[in-house]
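For reference, the structure is listed below as structure tokens.
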Amino acid sequence: MIEADREGVIGLRLKNSLSHKEKVFLLKLAREAIRAELEGRPLELPLVSDPALLERRGAFVTLHKNGELRGCIGNFFTDKPLYETVADMAVSAAFHDPRFQPLHPSEFDKIEIEISALTPLEEIENVEQIEVGVHGIYIVKGPHRGVLLPQVATEYGWDRYTFLDQTCIKAGLYPGCWKEQDTQIFIFSAEIFDEKSEGII
């Protein structure tokens, strides 16, 4: 699942990308999971045999409304298959992101769903290994944890060092904390897709 991008640089790449059909399945499942929660009923998970959907992979689900962030929750570490993780994270993003009020039924048709299917975390010693637009960053320092997805740096036009500083801030720390010896820096990559890119909405 992890392969070198080029000699001397750690690049986390998916050997087997999700197909369009698999992406559409995950996006529809995420929306159905949110719908079920809004309606107060259990989600009926479909029977899945597709190996790519059964793989144990972390995932983030991001919700946008009118172009603005409306929720984003994910999990790097899971014992569940990808499709179950996506369903769980969709519900968490809609109802349990502490930055937002739980999604109201009136908002359901206004949200757009984005999924980031993750590669495993890889700890690095040299920040020059970080490729903006390819890698996300996960920083650990004492009890503090912070993560920013690969697409965030691209969306804001950040360079590598701004990206690191912003991940420190996301962890509740201070810019430059990544330079300190007791800070652990991990990178990961993500296969990112949404309802628009897959032609659902």
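The values are calculated or read from the model by the stated rules, or taken from the named source; none is laboratory data. The shown structure was predicted, so the numbers you read here are calculated from the model rather than taken from an experiment. A quick note on method: Cβ atoms are made from the backbone with ideal geometry, for glycine too, and the neighbour counts reach across all protein chains shown.
Taking segment 56-83 as the range and being within 16 Å of the chain's Cα centre (by Cα) and either surrounded by fewer than 20 Cβ atoms within 10 Å (Cβ to Cβ) or farther than 13 Å from I115 by Cα (or both) as the test, the residues that pass are R56, H64, L69, R70, N75, F76, F77, T78, K80, P81. If the condition is being small (G, A, S) and crowded, with 20+ Cβ neighbours inside 10 Å, then segment 175-201 contributes S189, A190.
Of Q129, Q101, all but one fail to be of a type in the set (S, T, N, Q) and more than 30 Å from A36 (Cα to Cα); the exception is Q129.
Residue by residue, here is whether (1) within 19 Å of the chain's Cα centre (by Cα); (2) assigned by TED's automatic domain parsing to the domain that holds D88 holds:
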residue	(1), (2)
R99	yes, yes
P105	no, yes
K110	no, yes
Y138	yes, no
R145	yes, no
V152	yes, no
D159	no, no
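S92 passes every criterion in (1) assigned to a strand (DSSP E or B); (2) surrounded by fewer than 22 Cβ atoms within 10 Å (Cβ to Cβ); (3) of a type in the set (S, T, N, Q) apart from (1). Summed over segment 33-52, the residues that are more than 13 Å from L82 (Cβ to Cβ), charged (D, E, K, R) and either free of Cβ contacts under 8 Å to residues at least 40 places away in the same chain or exposed (fewer than 13 other Cβ atoms within 10 Å of the Cβ) (or both) give a count of 3. Tell me yes or no: at least one residue of segment 6-15 is modelled with pLDDT of 95 or more, assigned to a strand (DSSP E or B) and not aliphatic (A, V, I, L, M). No - not one qualifying residue is present in segment 6-15. For segment 148-164, the count of residues that are part of a loop (DSSP other than H, G, I, E, B), closer than 27 Å to L53 by Cβ and at pLDDT 95 or above is at least one. Out of curiosity, is G142 at pLDDT below 95, under 23 Å from I169 (Cα atoms) and exposed (fewer than 13 other Cβ atoms within 10 Å of the Cβ)? No, not satisfied.
Filtering segment 140-199 to residues that are of a type in the set (D, E, K, R) and over 25 Å from R31 (Cα atoms) leaves K141, R145, D159, R160, D165, K170, K179, E180, D182. For segment 109-118, the criterion of a residue being charged (D, E, K, R) and out of contact with any strand residue (DSSP E or B) (no Cβ under 6 Å at 6 or more places or on another chain) is satisfied by at least one position. Exposed (fewer than 14 other Cβ atoms within 10 Å of the Cβ), touching a helix residue (DSSP H, G or I) at 6+ places or on another chain (Cβ under 8 Å), small (G, A, S) and not in a strand (DSSP E or B): is that true of G172 in this structure? No, not satisfied.
Filter segment 29-86 down to the residues that are assigned to a helix (DSSP H, G or I) and within 21 Å of V147 (Cα to Cα) and list them by number. Listed by number, the residues that qualify are L82, T85, V86. Looking at (1) at pLDDT below 95; (2) outside the structural domain of V24 (by TED's automatic domain parsing); (3) of a type in the set (D, E), which one does D79 not meet, given that it meets all the others? It is condition (2) that D79 fails.
If I ask for residues that are hydrophobic (A, V, I, L, M, F, W, C) and farther than 18 Å from M89 by Cβ, which ones from segment 36-71 would you list? The answer is L47, and nothing else. Residue check: T162 meets all listed conditions (1) in contact (Cβ under 8 Å) with a residue 40 or more places away in the chain; (2) farther than 22 Å from L38 by Cβ but one, namely (1).
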